[in-house]
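Beneath this line is the structure, given in structure tokens, with notes to follow.
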């Protein structure tokens, strides 16, 4: 399976989860390392786009293609199994607990979760502390200039 991650070039040489741990996000609390990915390039772009503005649009983004071997364990969470406020902003501590529990239990290497940005699409969260994490590989990175029309006012 191929999944995707849009990242600043200086962070695209490895998968670590350190960046997410610095601030905490929808699926992790501050201090919990987790790697956010998407099931398509378009979703990866959409997920990043909601956090940046045209005036601060960096020009050094790259799209990372990540290979997930077939035998890697994946847990799926369906939207109807989430709390009603799961997709609110600011993030709910309930969804952060789901992600934190996923990381610390180490039962599966990936957690498939609904996108709060694109209804019907899914993100993949990678546990960098799972025993199978070393089998996940970045297979390609390519420059990803944003089309400025996305940020038109």
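Laboratory data are not the source of any read-out in this text; all were calculated from the coordinates shown. Just so it is clear, the structure is predicted and the values come from calculations on it, not from any experiment. Cβ coordinates were reconstructed from backbone atoms using ideal geometry, including for glycine residues, and neighbour counts include every protein chain displayed.
Structural remarks
- Site pair residue 51 and residue 11 shows an inter-label distance of 0.6 nm when each label is modelled 7 Å from Cα along Cα→Cβ.
- Sequence of 51, 91 once ranked by neighbouring C-beta atoms within 10 Å, starting from the fewest: 51, 91
- Relative contact order computed over the range 2-140 (Cα-Cα under 8 Å; 6+ residues apart), in percent: 33
- Set against the labelled values (i) 21.2, 66; (ii) 14.9, 46; (iii) 17.4, 63, Rg and Dmax of the Cα atoms in Å computed from this structure falls on (ii).
- Between 34, 72, 126, the residue with the greatest mean-square fluctuation in the GNM of the chain (Cα pairs under 10 Å linked by springs) is 72.
- The fewest-to-most ranking of 84, 47 by surrounding Cβ atoms within 10 Å reads 84, 47.
- Normalised contact order of the range 1-82, rounded percent, pairs of Cα under 8 Å and 6 or more residues apart: 43
- From least to most packed, judged by other beta carbons within 10 angstrom and beginning with the fewest, 36, 122 follow the order 122, 36.
- With the simple model of a label 7 Å out from the Cα in the direction of the Cβ, residue 93 to residue 106 spans 2.7 nm.
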